[in-house]
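Written below as structure tokens is the structure these notes are about.
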Amino acid sequence: MIKEADVIKLYLPFPNISEKLAKYRHMYAVENNRYSLFVIQTAKPYLVRNKILKNYITLDCGADSPVKHRSYLGMDLRFIIENIKISDQAKTKVGLSKLILRKISSQAKFVAQEITIDQADVINLNETITVLDK
């Protein structure tokens, strides 16, 4: 079962299912069991320099890190996916450290936008996601 502090790899239909970004699997940090997610992307200096990312946490690579290269955990957008179950197959081998989780908790109040992702679209793109049994 996916839980807080896990890092998962998913295809997200953002900005919509037909966009080029939706065709690539990205890493997401799981904020809570409601499937509130933040995107993780390889660190590119222009993202910060040009203020494309304003609220972010830098993740360094290493044995205790889910990333292979220095990356940014972007906190300008929070993605919400409701009433789904994500298989453990989507998880990376290593999740987030307690320190990073505390940073997420303290910076989460500054999230600029929450985006609810269409359940049917995300299920359509990912074999590891099913509808949550009620």
TODO: Jot down the radius of gyration and Dmax of the range 30-84, Cα atoms only, both in angstrom.
DONE: 12.4, 37
Task: Pairwise label distance in nanometres, Asn33 with Leu47, each label 7 Å out on the Cα-Cβ vector - done: 3.0 nm
Task: Helix 98-107 vs. the chain, principal-axis angle (Cα, 0 to 90°, nearest 10) - done: 90 degrees
Task: Mean shadow area of the range 83-134, taken as a quarter of the surface of its Cα convex hull (nm²) - done: 5.2 nm²
TODO: Quick one: which residues, 5+ away or cross-chain, put their amide H under 5 Å from the amide H of Ile84? H built at 1.01 Å from N.
DONE: Leu132
Open item on the list: On a straight-distance basis, which lysines could pair with Lys23 in a cross-link, Cα separation under 17 angstrom, same-chain partners fewer than 8 positions away excluded?
Closed with: Lys9
Open item on the list: Can you give me the C-alpha center-to-center distance between the range 76-134 and the range 4-49, rounded to a whole angstrom?
Closed with: 8 Å
Task: In order through the range 68-76: 3J(HN,Hα) via Karplus (6.51 cos²θ - 1.76 cosθ + 1.60), integer Hz, x for Gly, Pro - done: 8, 9, 3, 9, 10, 9, x, 10, 6
Open item on the list: Using protein chains only and a probe of 1.4 angstrom, how many square angstrom of Asp60 are accessible, to the nearest 10?
Closed with: 90 Å²
TODO: Report which label in (1) 14.1, 45; (2) 14.0, 43; (3) 14.6, 48 holds the value of Rg and Dmax of the Cα atoms in Å derived from the coordinates of this structure.
DONE: (1)
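The values are calculated or read from the model by the stated rules, or taken from the named source; none is laboratory data. All of these numbers come straight from a predicted model, not from anything done at the bench. Neighbour counts run over all protein chains shown; Cβ positions are idealised from the backbone, glycine included. Protein only, heavy atoms only, side chains kept; ligands, DNA and RNA dropped before computing areas. Shrake-Rupley method; radii C 1.70, N 1.55, O 1.52, S 1.80 Å.
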